[in-house]
Amino acid sequence: MNTRTRSNSLAIMALMTALIFVLQFVTVPLGAITVSLAMVPVSVTAVALGPAGGLAAGAIWGLASLLKALLGSSGMTSILFNMSPLATALLCFFPRILDGVLVGLLYRGFRKLTNSLISGSLVGFLSAFFNTLFFMSGIVLLFGQTAYLQKMMAGRNVLAFILSIIAGNALFEMLVAAVVTGPVVATLSRAHLIKGKNEEM
């Protein structure tokens, strides 16, 4: 990696880190779940810097999520933190890290088949989908037996509960993430900040 490439990577990482923290705290409440677009800078980092960048950005996202829970400004996650700080820390980090790594890998595959705009839109959509799927699965796994979560599930089985979240609150996140991420990725690709099919950084 040459000096210019390293500088570009550091600049992207710094900018996306700032955006992750800003967007994690700028959310739209929808019932018990809040809609966040923090996955957009995570997706952009994973696309620009690969799976390793996605891992780092996912970890930063997890840290921002945990900080929000500590400050008591994340309704559900703050409640879960009061029940079990360790389980909540695991819930904040692992789904987001896995999300970032998968997005980095999937973009490489999509980019072989189509252009950066479509590839970016696809991974933006999938990043929001994965975040909801992994996060809600983690909640069920770690807190499924608590009275709080049993009340939220309202007698539904695990699959029905997760699908109801994905089909409801998370659908808005997925669509907006796709619409925002695609053009950002395409712009970075035209600026040669992201490797294309025939480009080397």
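The values are calculated or read from the model by the stated rules, or taken from the named source; none is laboratory data. Worth saying up front: this structure is predicted, and the values here are computed from it rather than measured. Because the Cβ atoms are built from the backbone with ideal geometry, glycine has one as well, and the counts that use them run over all protein chains shown. These accessible areas exclude ligands, DNA and RNA; they are computed on the full protein's heavy atoms, side chains included. Shrake-Rupley method; radii C 1.70, N 1.55, O 1.52, S 1.80 Å.
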Q. Hey, among the residues in the stretch 78-87 that are assigned to a helix (DSSP H, G or I) and touching a residue at least 40 places away in the same chain (Cβ under 8 Å), which one's surrounded by the most Cβ atoms within 10 Å (Cβ to Cβ)?
A. Leu80
Q: Would you tally the residues in the stretch 146-201 being modelled with pLDDT of 70 or more, part of a loop (DSSP other than H, G, I, E, B) and surrounded by 15 or more Cβ atoms within 10 Å (Cβ to Cβ)?
A: 3
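Residue-wise test of (1) closer than 12 Å to Val47 by Cβ; (2) among the polar types (S, T, N, Q); (3) in contact with a Lys or Arg (Cβ under 6 Å, 6 or more places away or on another chain); (4) in a helix (DSSP H, G or I).
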{"position": "Gly72", "(1), (2), (3), (4)": "no, no, no, no"}
{"position": "Met76", "(1), (2), (3), (4)": "no, no, no, yes"}
{"position": "Phe94", "(1), (2), (3), (4)": "no, no, no, yes"}
{"position": "Val123", "(1), (2), (3), (4)": "yes, no, no, yes"}
Q. Going by the structure shown, is Gly53 within 29 Å of Ile194 (Cβ to Cβ), out of contact with any Phe, Trp or Tyr (no Cβ under 9 Å at 6 or more places or on another chain) and surrounded by 16 or more Cβ atoms within 10 Å (Cβ to Cβ)?
A. yes
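Kindly provide the set of residues from the stretch 168-193 that are among the polar types (S, T, N, Q) and touching a residue at least 12 places away in the same chain (Cβ under 8 Å), ordered by number. Walk me through it before giving the result.
Of the stretch 168-193, the ones among the polar types (S, T, N, Q) are 169, 181, 187, 189.
Matches in the stretch 168-193: Asn169, Thr181, Ser189.
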Q: Please list, ordered by first then second residue, the pairs with beta carbon atoms under 8 Å, 6 or more apart or interchain, first in the stretch 143-156 and farther than 15 Å from Thr88 by Cα and touching a residue at least 40 places away in the same chain (Cβ under 8 Å), second part of a helix (DSSP H, G or I) and among the aromatic types (Phe, Trp, Tyr).
A: Met152/Phe161
Q | Residues of the stretch 56-76 classified as touching a Cys at 6+ places or on another chain (Cβ under 9 Å), open to solvent by 10 Å² or more (accessible area, probe 1.4 Å) and among the polar types (S, T, N, Q), total | A | 0
(Q) Every residue in the stretch 119-140 that is within 18 Å of Leu55 (Cβ to Cβ) and hydroxyl-bearing (Ser, Thr, Tyr), please. (A) Ser127
